[in-house]
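Trainee: One structure follows; several queries about it will come next.
The values are calculated or read from the model by the stated rules, or taken from the named source; none is laboratory data. Bear in mind that the values here come from a model prediction, so they are computed numbers and not experimental data. Neighbour counts are summed over all protein chains in view; Cβ atoms, including those assigned to glycine, are modelled from backbone coordinates with ideal geometry. Accessible surface is based on the protein model in full, side chains and every heavy atom, while ligands, DNA and RNA are left aside. Shrake-Rupley method; radii C 1.70, N 1.55, O 1.52, S 1.80 Å.
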Number of protein chains: 2
Amino acid sequence: MVKQERAARTRESLVRAAAEVFAEEGYETASIATISKRAGVSTGGLHFHFGSKAALGDAVVERAAESLRMITVSRIAGANSLQSLVDSTHDLVALLGRDAVVSAAFGLVAGNGARSAVGRERGWAVRRQWQRWVEAMFREAAAEGLLADAVSPRDAAAAVVAAIVGFEVLGADRREWSSRSSLTRYWNLMLPQLVARHRLGDVLAGGSAEPSPVRSARAS
Amino acid sequence: MVKQERAARTRESLVRAAAEVFAEEGYETASIATISKRAGVSTGGLHFHFGSKAALGDAVVERAAESLRMITVSRIAGANSLQSLVDSTHDLVALLGRDAVVSAAFGLVAGNGARSAVGRERGWAVRRQWQRWVEAMFREAAAEGLLADAVSPRDAAAAVVAAIVGFEVLGADRREWSSRSSLTRYWNLMLPQLVARHRLGDVLAGGSAEPSPVRSARAS
């Protein structure tokens, strides 16, 4: 039992170290030696848990997919679909800022350049999972009369997904792009177009878990 | 004179080969040997023109900056500011699809992972140039009464820049993201929000140089 716990902890530190090294050096450049050293695990130990760098890449993406599922299933009780969507974008951008594993998984598909086909495909799976959820929220909004009549759920989802990818990519180098206040300004611009006029008061651009002034000042 | 022309052609093929190899393998992984082989130039010849890989990276970014300037200065005579902006996004996405040099330069800043500080900074200069121009178009639109009253030129520019980066990144792997029809649907969604109500007919989502049905079918 203790042995199993130790094995799980070792895997965890290897995945985290791999994510950090992928983010810093790029997937192709990252070496097994650097990753095992960062994790404080021998290369033999690394190979015991993960047969290859591609397997580590898969584990990083799998962990990110899990975090993303957490964001999308943890809707605040009673929050409407579009509020849940706005909340999730705030959560996602905050998560990308503080979680190396998630940001590395998203990075595996952003940008061109050499990425293993495996890593890229798995990274795309994470993106598609998110995108499908965004579309589901817009369809739900349409069904509950929250979406403005003229708006197609599919087109709205594409516009939001593209913009969030942009905030993510631009924010990886310039933090002001992925700050809570940038995202709030984005939603303030978009919501009057997306939300049915008489329901506009039902969706808060800053998210329904609006942070206290102190947290807000620190986050932006 | 003939010698100068030959030198210019050699530089040109080196920059193009470097852009292709950066896009395929990533900047860090790309080797001088691969680039010179691709260009059909000896590594000695490469070093005569470019002292280092960073110098080649700079040349790629410089060439992209030039193409981007061409897009932004070649406004169709009489086109209003927002139409010029819409046109330029169609031109940019089409250019990224067919010009390895421009797409490599944008790729130098997209995604995390190791990029030379030099390449990244120069890549950012290209992005900032584009972003400033987008802001200038929105300010011009505000000045000429074309922008909807409630819209801040700065926030509108940020939303559009982020979305276009998203289309670019997503489109690098999935071409449907950067098709003319995706972008047209994006602008159809955004324009009613951005354009003053009585001027809505003055901006075409598909661009003012709307292609013939045949070209359109091929492009999307």
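Trainee: Quick check on my filter: what residues within segment B:138-175 are without any contact (Cβ under 8 Å) to a residue 24 or more places away in the chain and open to solvent by 10 Å² or more (accessible area, probe 1.4 Å)?
Mentor: Hits for segment B:138-175 are B:R139, B:A142, B:A143, B:A150, B:S152, B:P153, B:R154, B:D155, B:A158, B:D173, B:R174.
Trainee: Sticking with this structure for a sec: In segment A:1-37, what residues are aliphatic (A, V, I, L, M) and free of Cβ contacts under 8 Å to residues at least 12 places away in the same chain? Talk me through it step by step, then tell me what you get.
Mentor: Let us first name the residues in segment A:1-37 that are aliphatic (A, V, I, L, M), namely A:1-2, A:7-8, A:14-15, A:17-19, A:21, A:23, A:30, A:32-33, A:35.
Within segment A:1-37, A:M1, A:V2, A:A8, A:A33 qualify.
Trainee: For segment A:129-160, what are the residues that are aliphatic (A, V, I, L, M) and more than 10 Å from chain B (Cβ to nearest Cβ)? Give the derivation first.
Mentor: Going residue by residue through segment A:129-160, those that are aliphatic (A, V, I, L, M) are A:134, A:136-137, A:141-143, A:146-148, A:150-151, A:156-160.
Within segment A:129-160, A:V134, A:A136, A:M137, A:A141, A:A142, A:A143, A:L146, A:L147, A:A157 meet the criteria.
Trainee: Which of the residues belonging to segment A:41-88 are of a type in the set (G, A, S) and under 20 Å from the mean Cα position of the chain (by Cα)?
Mentor: A:G57, A:A59, A:A64, A:A65, A:S67, A:S74, A:S81, A:S84, A:S88 - these are the residues of segment A:41-88 that are of a type in the set (G, A, S) and under 20 Å from the mean Cα position of the chain (by Cα).
Trainee: If B:V151 satisfies all but one of (1) outside any helix (DSSP H, G or I); (2) of a type in the set (V, I, T); (3) within 22 Å of B:R63 (Cα to Cα), what's the number of the condition it fails?
Mentor: (3)
Trainee: Which pairs turn up if I take residues in segment B:119-136 that are at pLDDT 80 or above and look for partners that are aliphatic (A, V, I, L, M) with beta carbon separation below 6 Å, at least 6 apart in sequence or on another chain?
Mentor: As it stands, the answer is B:W130/B:L68; B:Q131/B:V161; B:V134/B:A157; B:V134/B:V160; B:V134/B:V161; B:E135/B:A157, since those pairs meet every condition given.
Trainee: I'm checking my understanding of the structure. Among residues of segment A:20-63 that are surrounded by 17 or more Cβ atoms within 10 Å (Cβ to Cβ) and at pLDDT below 80, which one is nearest to A:L96 (Cα to Cα)?
Mentor: Checking each candidate, the answer is A:A23.
Trainee: On to the next question. Just one of (1) at pLDDT 90 or above; (2) among the hydrophobic types (A, V, I, L, M, F, W, C); (3) not in a helix (DSSP H, G or I) trips up B:A209, so point out which.
Mentor: (1) is the only condition that B:A209 fails.
Trainee: Give me the residue from segment B:151-200 that is small (G, A, S) and modelled with pLDDT under 90 and, out of that set, nearest to A:L189 (Cα to Cα).
Mentor: The initial filter retains those residues of segment B:151-200 that are small (G, A, S), namely B:152, B:156-159, B:162-163, B:166, B:171-172, B:178-179, B:181-182, B:196.
From what's left, modelled with pLDDT under 90: B:166, B:171-172, B:178-179.
Details: B:G166: 18, B:G171: 25, B:A172: 27, B:S178: 23, B:S179: 25 Å.
The residue in question is B:G166.
Trainee: Would you mention how many residues in segment B:161-198 are within 9 Å of chain A (Cβ to nearest Cβ) and β-branched (V, I, T)?
Mentor: 4
Trainee: While we're on this one: Go through segment B:191-207 and count every residue that is without any contact (Cβ under 8 Å) to a residue 40 or more places away in the chain and in contact with a helix residue (DSSP H, G or I) (Cβ under 7 Å, 6 or more places away or on another chain).
Mentor: Taking segment B:191-207 first, the residues without any contact (Cβ under 8 Å) to a residue 40 or more places away in the chain are B:192, B:198, B:200-201.
From what is left, the residues that are in contact with a helix residue (DSSP H, G or I) (Cβ under 7 Å, 6 or more places away or on another chain) are B:192, B:200.
Count: 2.
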